[in-house]
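Report on the following structure.
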Ligand code: ADP
Ligand code: ADP
């Protein structure tokens, strides 16, 4: 079963009395374990597409499946469970909880999924912080970390529930070159060791070039798809 299968996807936003169509018939198949960059000008629909794939937003029409699960017409509760189990997120703004420690932030998706903390969560979160090179920052508050460190915590958090798909919306957009490269290298390493699939929106051609596949969006459609 493909990781992502999108057919004839449209998305309209209400704009006052008018309707703006921002996705205009997207066709996309992504295999499990692919590392895909999503490029295109601002306003071309990248975030909207990622939000729909992440079950954070409903499509207007078309079919959208992730790991065979239809995201169209499924009940909210089904989508929430599916998201918690199978999808990780990294956003441009890391969206960490500033007054919680790095470790607590990483653990958060497991608690969200299971409704409580389990005794294995701490060990799992520690391992993940180790993987992103932040063992020594485990008990720091998120607000005490640098931008690059925060984004690495966000990467660790995205992996907490061992998702098959991680959606990353401009994950390096706020970082300097060195931090951006380090975060990107992490995503590449995770992809090759765990087979986690990634969809990464970016304006950065250097970042995109390190992915296996580059999808270019323009005006609500996929304009080019290169491997
Ligand atoms: P990108 O990520 O490529 O910059 P977006 O998906 O954010 O593109 O935006 C696509 C278009 O949809 C833009 O014209 C944007 O202004 C519009 N848009 C995005 N989110 C909303 C919203 N919540 N309500 C109305 N219009 C929106
Ligand atoms: P499930 O509810 O699917 O049985 P869990 O919620 O316990 O599994 O964990 C989800 C995934 O996270 C597991 O498949 C496993 O890969 C990973 N995982 C959970 N806890 C640990 C841990 N302590 N060490 C390593 N991986 C873990």
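The values are calculated or read from the model by the stated rules, or taken from the named source; none is laboratory data. Just so you know, these numbers come straight off a predicted model, no measurement behind them. Heads up, the Cβs are rebuilt from the backbone with ideal geometry, glycines too, and the neighbour counts pull from every protein chain shown.
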Among the residues of segment 28-40 satisfying the criterion of being more than 7 Å from ligand 1 (Cβ to nearest atom) and in a loop (DSSP other than H, G, I, E, B), which is nearest to residue 61 (Cα to Cα)? 31
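Does residue 130 meet the test of being out of contact with any helix residue (DSSP H, G or I) (no Cβ under 7 Å at 6 or more places or on another chain) and within 16 Å of ligand 2 (Cβ to nearest atom)?
So residue 130 fits the description; yes.
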Of the residues in segment 15-27 that are surrounded by fewer than 20 Cβ atoms within 10 Å (Cβ to Cβ) and more than 7 Å from ligand 1 (Cβ to nearest atom), the one that is farthest from residue 87 (Cα to Cα) is 17
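Residue-wise test of (1) outside any loop (DSSP other than H, G, I, E, B); (2) at pLDDT below 95; (3) within 16 Å of ligand 1 (Cβ to nearest atom).
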| position | (1), (2), (3) |
| --- | --- |
| 133 | no, yes, no |
| 166 | yes, no, no |
| 180 | yes, yes, no |
| 184 | yes, yes, no |
Within segment 66-84, count every residue that is in contact (Cβ under 8 Å) with a residue 40 or more places away in the chain and assigned to a loop (DSSP other than H, G, I, E, B). 2
Given the condition surrounded by fewer than 17 Cβ atoms within 10 Å (Cβ to Cβ) and within 16 Å of ligand 2 (Cβ to nearest atom), answer yes or no: does some residue in segment 136-156 qualify? no
Across segment 191-207, the tally of residues that are over 25 Å from residue 62 (Cβ atoms), modelled with pLDDT of 95 or more and crowded, with 18+ Cβ neighbours inside 10 Å stands at 2
Number of positions in segment 41-56 that are buried (at least 16 other Cβ atoms within 10 Å of the Cβ) and within 8 Å of ligand 1 (Cβ to nearest atom): 8
Working only within segment 72-90, note down all residues that are in contact with a helix residue (DSSP H, G or I) (Cβ under 7 Å, 6 or more places away or on another chain) and away from ligand 2 (no atom under 12 Å from the Cβ). 89, 90
Which residue out of 62, 73 is at pLDDT 95 or above and either over 30 Å from residue 139 (Cα atoms) or under 14 Å from the mean Cα position of the chain (by Cα) (or both)? 62
